[in-house]
Amino acid sequence: MEAVASLLPWRIKFDPARTLIYQPTIDNAEKFSRDDLDPVLQWPVVRSVATFWACPMRR
């Protein structure tokens with residue numbers, strides 16, 4: 001999954017579009033989001049072109 005997480009900053013910066021990352025379970029998706037995706041979204045290259053709003057998770 002590191003390859004996917006590393007591709008996202010490039011996609012956000014140079015080819016912005018909707019991107020779907022499929023995970024087999026909700027637990028896997030939450031773990032990926034927390035452990036892999038959140039740090040990548042803090043990279044300066046991403047922060048220079050994107051703004052993210054926090055939204056509460058639905059349960």
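Points to keep in mind about this one:
- Hits in segment 12-32 - residues which are of a type in the set (D, E, K, R) and either at positive phi or surrounded by 13 or more Cβ atoms within 10 Å (Cβ to Cβ) (or both): Lys13, Lys31
- Matching residues in segment 3-36 - criterion: being under 18 Å from Ser48 (Cβ atoms) and of a type in the set (Asp, Glu): Asp15
- Considering Val49, Val4, the condition of being at pLDDT below 85, β-branched (Val, Ile, Thr) and part of a helix (DSSP H, G or I) is satisfied by Val4 alone.
The values are calculated or read from the model by the stated rules, or taken from the named source; none is laboratory data. Remember, predicted model here, so these are calculated numbers, not experimental data. In this analysis, Cβ positions are derived from the backbone assuming ideal geometry, glycine residues included, and neighbour counts consider all displayed protein chains.
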